[in-house]
């Protein structure tokens, strides 16, 4: 009786050992996810008319993988003039991430930021690098607040 129970236990273990607790969609979404998220963003608009001028806040952001470590970000900003009027602005930002740097392209202007911040301990003269958890990027009149995973 004990041998049959042990045999059933091992056979069931072998049958269910290959099954994953994650579905294939979850694994694919994890592999295609960006290593950063956009927490906040603001856009300052100074157009010819005074109606749409002002500071816009981020309403929605879509991060799309377009290549190896290259991302296209569609940003939608919104500003409320009063209770009834609201204005929207759409912008596109491109991001390239390396092991140590990040490049952000907005309106044909490319800005380069380091992913690691340098730290020094002066008494022991120890030098080490610490990966950033957040990054404030300012390009023209666009302010981005990125957080890294």
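Read the figures in this text as sums done on the coordinates, not as results from a lab. What you see is a predicted model; the values in this text were computed from it and never measured. Neighbour counts are summed over all protein chains in view; Cβ atoms, including those assigned to glycine, are modelled from backbone coordinates with ideal geometry.
Considering only alpha-carbon pairs that sit under 8 angstrom and 6 or more positions apart, the relative contact order computed for segment 35-149 is 24 percent. Okay, which of segment 89-103 sit inside 18 Å, backbone N to the point 7 Å along the Cα-Cβ direction of residue 52? Residues passing the 18 Å test: 89-93. Spin-label model, residue 26 to residue 145: label points 7 Å out along the Cα-to-beta-carbon direction sit 3.1 nm apart.
Fewest neighbouring Cβ atoms within 10 Å first, the residues 124, 138 line up as 124, 138. Sorting the segments 127-134, 72-79 by their mean number of nearby beta carbons within 10 angstrom, highest to lowest, gives 72-79, 127-134. Note on residue 60 and residue 127: the model spin-label points, each 7 Å out from Cα along the C-beta direction, lie 4.8 nm apart.
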